[in-house]
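First the structure, in the form of C-alpha coordinates, and then the observations on it.
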Amino acid sequence: MTARSTLLLAVPVSWAGLWTAPLAELAPDLNIVVHERDKYDPKTIDYALGFRPEPGLLGSLPNLKVVFSLGAGVDGFLADSNYPKQIPLVRFVDHQLSREMAQYCVMHTLIHHRQQRMFDGFQQERKWRQSVPPRHTEDTRVGILGIGEIGTMAAERLRDHDFKMAGWSRTRKQIAGVESFAGHDELAKFLGRSDILICLLPLTPDTRHILNAKTFAQLPKNAFVINVARGGHLKEQDLIAAIDSGHLSGATLDVFETEPLPESSPLWSHPRITVTPHVAAISDPRVMAKNAVDGIARHKAGKPLENVVDFTRGY
Ligand code: NAP
(Lines give C-alpha, C1' and ligand atoms only; values in the text may rest on other atoms or scores of the structure.)
Protein backbone atom coordinates (compact mmCIF):
# COMPACT_ATOMS: atom_id res chain seq x y z
CA MET A 1 0.00 0.00 0.00
CA THR A 2 1.41 3.45 -0.92
CA ALA A 3 1.47 6.18 1.73
CA ARG A 4 -1.15 8.91 1.46
CA SER A 5 0.18 12.13 -0.05
CA THR A 6 -0.56 15.54 1.40
CA LEU A 7 -1.56 18.61 -0.60
CA LEU A 8 -1.20 22.10 0.86
CA LEU A 9 -3.85 24.52 -0.35
CA ALA A 10 -2.35 28.03 -0.20
CA VAL A 11 -5.30 30.36 -0.80
CA PRO A 12 -7.18 32.85 1.41
CA VAL A 13 -8.88 30.74 4.12
CA SER A 14 -12.32 32.17 3.33
CA TRP A 15 -12.05 30.84 -0.25
CA ALA A 16 -10.59 27.42 0.58
CA GLY A 17 -13.94 25.60 0.42
CA LEU A 18 -14.13 26.29 -3.32
CA TRP A 19 -11.30 23.79 -3.84
CA THR A 20 -11.39 21.51 -0.79
CA ALA A 21 -14.79 20.07 -1.74
CA PRO A 22 -13.91 19.05 -5.33
CA LEU A 23 -10.42 17.91 -4.26
CA ALA A 24 -11.90 15.62 -1.60
CA GLU A 25 -14.39 14.24 -4.10
CA LEU A 26 -11.86 13.69 -6.89
CA ALA A 27 -9.07 12.34 -4.69
CA PRO A 28 -10.46 10.78 -1.51
CA ASP A 29 -7.00 9.35 -0.69
CA LEU A 30 -5.32 12.75 -0.66
CA ASN A 31 -4.77 14.57 2.65
CA ILE A 32 -5.70 18.20 2.16
CA VAL A 33 -4.45 20.89 4.52
CA VAL A 34 -5.28 24.56 4.22
CA HIS A 35 -2.50 27.03 5.00
CA GLU A 36 -3.36 29.27 7.98
CA ARG A 37 -6.45 27.20 8.77
CA ASP A 38 -4.96 23.80 9.65
CA LYS A 39 -1.96 22.89 11.79
CA TYR A 40 0.58 20.89 9.78
CA ASP A 41 4.18 19.77 9.79
CA PRO A 42 5.99 21.31 6.75
CA LYS A 43 7.87 18.02 6.26
CA THR A 44 4.62 16.20 5.46
CA ILE A 45 3.68 18.36 2.43
CA ASP A 46 4.15 16.62 -0.95
CA TYR A 47 2.22 18.94 -3.27
CA ALA A 48 0.98 22.56 -3.17
CA LEU A 49 -1.87 24.30 -4.97
CA GLY A 50 -2.30 28.08 -4.89
CA PHE A 51 -2.26 31.39 -6.73
CA ARG A 52 -0.17 34.00 -4.90
CA PRO A 53 1.24 32.09 -1.92
CA GLU A 54 2.98 34.20 0.72
CA PRO A 55 6.67 34.69 -0.08
CA GLY A 56 8.88 32.04 1.50
CA LEU A 57 6.08 29.55 2.14
CA LEU A 58 6.89 27.09 -0.67
CA GLY A 59 10.63 27.27 0.05
CA SER A 60 9.94 26.19 3.63
CA LEU A 61 8.49 22.79 2.61
CA PRO A 62 11.46 20.37 2.49
CA ASN A 63 9.66 17.44 0.81
CA LEU A 64 7.63 19.39 -1.75
CA LYS A 65 7.48 17.60 -5.10
CA VAL A 66 5.26 19.68 -7.43
CA VAL A 67 3.51 23.05 -7.23
CA PHE A 68 0.25 23.62 -9.12
CA SER A 69 -0.87 27.15 -10.01
CA LEU A 70 -4.55 28.08 -9.88
CA GLY A 71 -3.89 30.64 -12.63
CA ALA A 72 -2.54 30.65 -16.18
CA GLY A 73 -0.08 33.36 -15.14
CA VAL A 74 2.58 32.41 -12.58
CA ASP A 75 4.05 35.85 -11.84
CA GLY A 76 2.60 35.57 -8.29
CA PHE A 77 4.91 32.59 -7.64
CA LEU A 78 7.97 34.03 -9.36
CA ALA A 79 7.67 37.28 -7.40
CA ASP A 80 8.82 35.18 -4.41
CA SER A 81 12.63 35.48 -4.44
CA ASN A 82 12.76 32.30 -2.33
CA TYR A 83 10.67 30.22 -4.74
CA PRO A 84 12.34 26.75 -4.85
CA LYS A 85 13.15 26.56 -8.59
CA GLN A 86 14.21 22.92 -8.39
CA ILE A 87 10.50 22.08 -7.82
CA PRO A 88 8.38 21.93 -11.00
CA LEU A 89 5.65 24.58 -11.21
CA VAL A 90 2.63 23.57 -13.30
CA ARG A 91 0.48 26.41 -14.62
CA PHE A 92 -3.26 26.18 -15.26
CA VAL A 93 -4.09 25.69 -18.94
CA ASP A 94 -7.74 25.09 -19.74
CA HIS A 95 -9.81 25.30 -22.91
CA GLN A 96 -12.75 26.94 -21.10
CA LEU A 97 -10.45 29.58 -19.58
CA SER A 98 -8.96 30.36 -23.01
CA ARG A 99 -12.47 30.51 -24.49
CA GLU A 100 -13.68 33.02 -21.90
CA MET A 101 -10.58 35.14 -22.36
CA ALA A 102 -11.06 35.07 -26.14
CA GLN A 103 -14.73 36.05 -25.67
CA TYR A 104 -13.69 39.05 -23.57
CA CYS A 105 -11.23 40.14 -26.27
CA VAL A 106 -13.83 39.75 -29.04
CA MET A 107 -16.49 41.58 -27.00
CA HIS A 108 -14.34 44.60 -26.16
CA THR A 109 -12.85 44.76 -29.65
CA LEU A 110 -16.38 44.85 -31.11
CA ILE A 111 -17.68 47.33 -28.50
CA HIS A 112 -14.89 49.66 -29.60
CA HIS A 113 -15.16 48.89 -33.31
CA ARG A 114 -18.94 49.34 -33.39
CA GLN A 115 -18.73 52.54 -31.29
CA GLN A 116 -21.09 51.12 -28.69
CA ARG A 117 -19.98 53.56 -25.98
CA MET A 118 -21.07 56.45 -28.23
CA PHE A 119 -24.54 54.90 -28.67
CA ASP A 120 -24.75 54.35 -24.89
CA GLY A 121 -24.23 58.12 -24.56
CA PHE A 122 -26.91 58.88 -27.17
CA GLN A 123 -29.35 56.64 -25.32
CA GLN A 124 -28.66 58.47 -22.05
CA GLU A 125 -29.56 61.72 -23.85
CA ARG A 126 -32.59 60.13 -25.65
CA LYS A 127 -31.01 61.11 -28.97
CA TRP A 128 -31.69 59.14 -32.18
CA ARG A 129 -28.40 59.50 -34.02
CA GLN A 130 -27.45 57.05 -36.73
CA SER A 131 -23.81 56.44 -37.48
CA VAL A 132 -21.78 53.65 -39.01
CA PRO A 133 -18.36 52.41 -37.87
CA PRO A 134 -15.65 54.51 -39.52
CA ARG A 135 -13.99 51.34 -40.80
CA HIS A 136 -14.88 47.83 -41.89
CA THR A 137 -13.37 44.95 -39.92
CA GLU A 138 -11.24 44.00 -42.96
CA ASP A 139 -9.57 47.40 -42.69
CA THR A 140 -9.11 47.30 -38.92
CA ARG A 141 -5.81 45.85 -37.77
CA VAL A 142 -5.81 44.05 -34.43
CA GLY A 143 -2.49 43.11 -32.84
CA ILE A 144 -2.10 40.64 -30.00
CA LEU A 145 0.95 40.86 -27.74
CA GLY A 146 1.53 37.24 -26.65
CA ILE A 147 0.22 34.61 -29.03
CA GLY A 148 0.28 31.58 -26.72
CA GLU A 149 -2.61 29.43 -25.46
CA ILE A 150 -5.02 32.33 -24.96
CA GLY A 151 -3.65 34.78 -27.55
CA THR A 152 -3.95 32.18 -30.32
CA MET A 153 -7.61 31.48 -29.56
CA ALA A 154 -8.39 35.21 -29.33
CA ALA A 155 -6.62 35.81 -32.65
CA GLU A 156 -8.51 33.01 -34.39
CA ARG A 157 -11.90 34.21 -33.10
CA LEU A 158 -11.18 37.82 -34.11
CA ARG A 159 -9.90 36.64 -37.50
CA ASP A 160 -13.26 34.92 -37.96
CA HIS A 161 -14.87 38.37 -37.61
CA ASP A 162 -12.62 39.43 -40.53
CA PHE A 163 -10.28 41.67 -38.55
CA LYS A 164 -6.78 41.92 -40.00
CA MET A 165 -4.83 39.99 -37.38
CA ALA A 166 -1.24 39.88 -36.20
CA GLY A 167 0.48 38.46 -33.15
CA TRP A 168 3.79 39.18 -31.41
CA SER A 169 5.73 36.48 -29.59
CA ARG A 170 9.29 35.45 -28.84
CA THR A 171 9.22 32.69 -31.46
CA ARG A 172 7.73 32.78 -34.98
CA LYS A 173 4.18 31.36 -35.36
CA GLN A 174 2.27 29.86 -38.26
CA ILE A 175 -1.43 30.56 -37.65
CA ALA A 176 -3.71 30.86 -40.67
CA GLY A 177 -4.79 34.47 -41.20
CA VAL A 178 -2.57 35.83 -38.40
CA GLU A 179 0.63 37.62 -39.38
CA SER A 180 3.50 36.69 -37.09
CA PHE A 181 5.97 39.17 -35.61
CA ALA A 182 8.71 37.77 -33.38
CA GLY A 183 11.20 39.23 -30.97
CA HIS A 184 12.13 42.70 -29.86
CA ASP A 185 13.39 43.75 -33.32
CA GLU A 186 9.92 43.31 -34.84
CA LEU A 187 7.96 44.99 -32.04
CA ALA A 188 7.92 48.51 -33.52
CA LYS A 189 6.67 47.23 -36.90
CA PHE A 190 3.97 45.18 -35.15
CA LEU A 191 2.83 48.17 -33.08
CA GLY A 192 2.81 50.44 -36.14
CA ARG A 193 0.17 48.23 -37.80
CA SER A 194 -2.08 47.73 -34.72
CA ASP A 195 -5.25 49.86 -34.60
CA ILE A 196 -6.39 47.78 -31.63
CA LEU A 197 -3.70 46.37 -29.34
CA ILE A 198 -4.53 43.49 -26.99
CA CYS A 199 -2.04 42.45 -24.30
CA LEU A 200 -2.01 38.72 -23.49
CA LEU A 201 1.60 38.36 -22.37
CA PRO A 202 2.83 36.70 -19.19
CA LEU A 203 4.28 39.18 -16.69
CA THR A 204 8.07 38.69 -16.64
CA PRO A 205 11.04 41.04 -16.19
CA ASP A 206 11.08 41.41 -20.02
CA THR A 207 7.41 42.34 -20.34
CA ARG A 208 6.86 44.47 -17.19
CA HIS A 209 5.61 47.95 -18.22
CA ILE A 210 5.70 47.02 -21.90
CA LEU A 211 2.60 49.20 -22.34
CA ASN A 212 4.27 52.57 -21.83
CA ALA A 213 4.59 56.02 -23.43
CA LYS A 214 7.11 54.77 -26.00
CA THR A 215 4.94 51.82 -27.03
CA PHE A 216 1.87 54.04 -27.30
CA ALA A 217 3.76 56.54 -29.48
CA GLN A 218 4.51 53.68 -31.91
CA LEU A 219 0.81 52.80 -32.31
CA PRO A 220 -1.19 54.51 -35.08
CA LYS A 221 -3.17 57.62 -34.07
CA ASN A 222 -6.54 56.73 -32.51
CA ALA A 223 -5.38 53.23 -31.58
CA PHE A 224 -7.27 51.47 -28.79
CA VAL A 225 -5.64 49.34 -26.06
CA ILE A 226 -7.06 46.30 -24.26
CA ASN A 227 -5.05 44.94 -21.31
CA VAL A 228 -6.30 41.60 -20.12
CA ALA A 229 -2.98 40.09 -18.99
CA ARG A 230 -1.53 41.66 -15.82
CA GLY A 231 -1.63 45.15 -14.32
CA GLY A 232 2.18 45.16 -14.20
CA HIS A 233 2.30 45.31 -18.00
CA LEU A 234 0.84 48.82 -18.06
CA LYS A 235 2.15 52.19 -16.92
CA GLU A 236 -1.25 53.58 -16.02
CA GLN A 237 -0.17 57.25 -16.03
CA ASP A 238 1.32 56.85 -19.53
CA LEU A 239 -1.99 55.43 -20.77
CA ILE A 240 -3.99 58.32 -19.36
CA ALA A 241 -1.53 60.83 -20.86
CA ALA A 242 -1.67 59.13 -24.30
CA ILE A 243 -5.48 59.20 -24.27
CA ASP A 244 -5.74 62.77 -22.95
CA SER A 245 -3.29 63.99 -25.62
CA GLY A 246 -5.62 62.57 -28.28
CA HIS A 247 -3.11 60.01 -29.57
CA LEU A 248 -5.00 56.97 -28.26
CA SER A 249 -8.80 56.77 -28.55
CA GLY A 250 -9.31 54.77 -25.32
CA ALA A 251 -8.75 51.54 -23.47
CA THR A 252 -10.37 48.59 -21.77
CA LEU A 253 -8.60 47.29 -18.66
CA ASP A 254 -9.34 44.11 -16.72
CA VAL A 255 -6.14 44.02 -14.66
CA PHE A 256 -4.36 46.66 -12.58
CA GLU A 257 -1.04 47.32 -10.88
CA THR A 258 -2.94 47.41 -7.56
CA GLU A 259 -5.94 45.09 -7.17
CA PRO A 260 -8.60 45.82 -6.04
CA LEU A 261 -8.27 49.07 -7.99
CA PRO A 262 -8.19 51.83 -5.32
CA GLU A 263 -11.29 54.03 -5.15
CA SER A 264 -9.04 57.04 -5.72
CA SER A 265 -7.76 55.76 -9.09
CA PRO A 266 -8.47 58.16 -11.99
CA LEU A 267 -9.06 55.10 -14.21
CA TRP A 268 -12.52 54.55 -12.64
CA SER A 269 -13.96 57.79 -13.99
CA HIS A 270 -12.00 58.36 -17.17
CA PRO A 271 -14.58 58.81 -19.95
CA ARG A 272 -12.53 56.80 -22.48
CA ILE A 273 -11.52 53.92 -20.24
CA THR A 274 -13.63 50.84 -19.46
CA VAL A 275 -12.74 49.10 -16.20
CA THR A 276 -13.65 45.51 -15.29
CA PRO A 277 -12.53 43.91 -11.98
CA HIS A 278 -10.23 41.08 -13.22
CA VAL A 279 -13.16 39.02 -14.45
CA ALA A 280 -12.21 38.32 -18.07
CA ALA A 281 -12.23 34.64 -17.18
CA ILE A 282 -13.34 33.02 -13.96
CA SER A 283 -12.07 29.45 -13.81
CA ASP A 284 -14.21 26.64 -12.49
CA PRO A 285 -12.71 25.41 -9.15
CA ARG A 286 -13.65 21.84 -10.05
CA VAL A 287 -11.61 22.01 -13.26
CA MET A 288 -8.69 23.52 -11.33
CA ALA A 289 -8.92 20.77 -8.71
CA LYS A 290 -9.03 18.12 -11.46
CA ASN A 291 -5.96 19.66 -13.10
CA ALA A 292 -4.01 19.25 -9.83
CA VAL A 293 -5.36 15.74 -9.12
CA ASP A 294 -4.45 14.60 -12.66
CA GLY A 295 -0.99 16.14 -12.29
CA ILE A 296 -0.42 14.36 -8.99
CA ALA A 297 -1.45 11.06 -10.61
CA ARG A 298 1.00 11.68 -13.48
CA HIS A 299 3.77 12.52 -11.05
CA LYS A 300 3.13 9.42 -8.96
CA ALA A 301 3.06 7.25 -12.09
CA GLY A 302 6.43 8.69 -13.15
CA LYS A 303 4.92 10.31 -16.28
CA PRO A 304 6.09 13.74 -17.50
CA LEU A 305 4.09 16.68 -16.15
CA GLU A 306 2.28 18.97 -18.60
CA ASN A 307 2.44 22.80 -18.76
CA VAL A 308 5.53 23.07 -16.61
CA VAL A 309 6.91 26.62 -16.28
CA ASP A 310 10.34 27.25 -17.80
CA PHE A 311 12.09 29.34 -15.11
CA THR A 312 14.70 30.65 -17.57
CA ARG A 313 11.93 32.20 -19.76
CA GLY A 314 9.82 33.17 -16.74
CA TYR A 315 6.55 31.66 -18.04
P1 NAP B 1 1.29 31.34 -22.79
O2 NAP B 1 0.61 30.21 -23.48
O3 NAP B 1 2.52 31.05 -21.99
O4 NAP B 1 1.65 32.42 -23.93
C5 NAP B 1 2.49 33.50 -23.67
C6 NAP B 1 2.82 34.20 -24.99
O7 NAP B 1 3.61 35.36 -24.70
C8 NAP B 1 3.66 33.31 -25.92
O9 NAP B 1 3.26 33.53 -27.26
C10 NAP B 1 5.09 33.85 -25.72
O11 NAP B 1 5.93 33.69 -26.83
C12 NAP B 1 4.79 35.32 -25.50
N13 NAP B 1 5.90 35.99 -24.80
C14 NAP B 1 6.32 35.78 -23.53
N15 NAP B 1 7.38 36.58 -23.25
C16 NAP B 1 7.61 37.29 -24.37
C17 NAP B 1 8.57 38.27 -24.72
N18 NAP B 1 9.50 38.69 -23.85
N19 NAP B 1 8.54 38.80 -25.96
C20 NAP B 1 7.61 38.38 -26.86
N21 NAP B 1 6.65 37.45 -26.59
C22 NAP B 1 6.67 36.92 -25.36
O23 NAP B 1 0.30 32.13 -21.82
P24 NAP B 1 -1.31 32.11 -21.83
O25 NAP B 1 -1.84 30.89 -21.22
O26 NAP B 1 -1.77 32.49 -23.19
O27 NAP B 1 -1.61 33.32 -20.80
C28 NAP B 1 -1.13 34.64 -21.05
C29 NAP B 1 -1.34 35.52 -19.85
O30 NAP B 1 -2.72 35.89 -19.73
C31 NAP B 1 -1.05 34.89 -18.49
O32 NAP B 1 0.33 34.90 -18.20
C33 NAP B 1 -1.82 35.79 -17.54
O34 NAP B 1 -0.97 36.85 -17.14
C35 NAP B 1 -2.96 36.35 -18.40
N36 NAP B 1 -4.30 35.89 -17.94
C37 NAP B 1 -5.19 36.79 -17.46
C38 NAP B 1 -6.45 36.37 -17.05
C39 NAP B 1 -7.52 37.36 -16.58
O40 NAP B 1 -8.51 36.95 -15.98
N41 NAP B 1 -7.41 38.64 -16.87
C42 NAP B 1 -6.80 35.01 -17.10
C43 NAP B 1 -5.86 34.11 -17.60
C44 NAP B 1 -4.61 34.55 -18.02
P45 NAP B 1 6.35 32.23 -27.37
O46 NAP B 1 5.08 31.62 -27.93
O47 NAP B 1 7.35 32.49 -28.44
O48 NAP B 1 6.87 31.46 -26.19
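Mind running the shape call on the range 167-315? Use the C-alpha gyration tensor, a ≥ b ≥ c as the square roots of the eigenvalues: rounded below 1.5 for a/c, prolate if a/b tops b/c, oblate otherwise. Walk me through the numbers on the way to the answer.
On the way: a/c = 2.49, a/b = 1.49, b/c = 1.67.
Taking the square roots of the gyration eigenvalues as a ≥ b ≥ c, the range 167-315 is oblate.
State, as an integer percentage, the relative contact order of the range 224-297 based on alpha-carbon contacts under 8 Å between residues 6 or more apart.
Details: 69 pairs, mean separation 22.8, N = 74.
In percent, rounded to a whole number, it is 31.
If the limit is 18 Å between Cα atoms, which of 65/85; 65/303; 85/290; 164/189 go over it? The partial results should precede the final answer.
Details: 65/85 11 Å; 65/303 14 Å; 85/290 24 Å; 164/189 15 Å.
Violating the 18 Å Cα-Cα cut-off are 85/290.
Could you calculate the contour length gain from residue 127 to residue 212, that is, 0.36 nm times the residue separation minus the distance between their Cα atoms, to one decimal place in nm? Don't skip to the answer; put the middle values down first.
On the way: separation 85, 0.36 × 85 = 30.60 nm, distance 3.70 nm.
Full extension of this stretch gives 26.9 nm more.
Residue 259 accessible area, nearest 10 Å², 1.4 Å probe?
70 Å²
Select from 282, 240, 147 the residue whose mean-square fluctuation is largest in a Gaussian network model of the chain (Cα-Cα springs shorter than 10 Å).
Ranking 282, 240, 147 by mean-square fluctuation puts 282 first.
Please find, in a Gaussian network model of the chain (springs between Cα atoms separated by less than 10 Å), the residue of 130, 174, 86 whose mean-square fluctuation is greatest.
130
If ligands, DNA and RNA are left out, what is the accessible area of residue 47 with a 1.4 Å probe, given in Å² to the nearest 10?
Spelled out: residue 47, probe radius 1.4 Å, area about 0 Å².
With labels modelled as points extended 7 Å from the Cα through the Cβ direction, what inter-label distance (nm, one decimal) is found for residue 170 paired with residue 93?
The two pseudo-label positions are separated by 1.4 nm.
How large is the helix-only mean residue ellipticity at 222 nm for the chain, computed as the sum of -39500 (n - 2.57) over DSSP H runs with n ≥ 4, divided by its residue count, in deg cm²/dmol to the nearest 500? Kindly include the intermediate steps, with their values, before the conclusion.
On the way: 9 runs with 90 residues, N = 315.
Dividing the helical sum by the residues of the chain leaves -8500 deg cm²/dmol.
With the Cα gyration tensor of the chain giving a ≥ b ≥ c as the square roots of its eigenvalues, does the rule (a/c under 1.5 for rounded; else a/b larger than b/c for prolate; else oblate) give rounded, prolate or oblate? Present the calculation step by step, with values, prior to reporting the outcome.
Values: a/c = 2.16, a/b = 1.93, b/c = 1.12.
The shape class here is prolate.
Find the centroid of the Cα atoms in the range 106-150 and in the range 264-300, then give the distance between the two in whole Å.
24 Å
With the full set of protein chains in place, find how many percent of the accessible area of the chain is carbon and sulfur; take the probe as 1.4 Å. Could you put the intermediate results ahead of the total?
Details: 8360 of 16230 Å².
Summing carbon and sulfur atoms, their accessible area is 52 percent of the total for the chain.
Just 288, 118, 165 to compare: in a GNM of the chain, with alpha carbon springs under 10 Å, which one fluctuates most?
In this elastic network of the chain, the residue with the biggest mean-square fluctuation among 288, 118, 165 is 118.
If R0 is 35 Å, what FRET efficiency do you get for residue 298 and residue 120 from their C-beta distance, rounded to 0.05? Working shown, then result.
Numbers: r = 49 Å, r/R0 = 1.39.
Once the sixth-power term is evaluated, E becomes 0.10.
The values are calculated or read from the model by the stated rules, or taken from the named source; none is laboratory data. Since the model is a prediction, treat every value here as computed from it, not as a measurement. We place every Cβ from the backbone using ideal geometry, glycine too, and count neighbours over all the protein chains shown. Side chains are part of the model used for accessible areas, which takes the heavy atoms of the whole protein and leaves out ligands, DNA and RNA. Shrake-Rupley method; radii C 1.70, N 1.55, O 1.52, S 1.80 Å.
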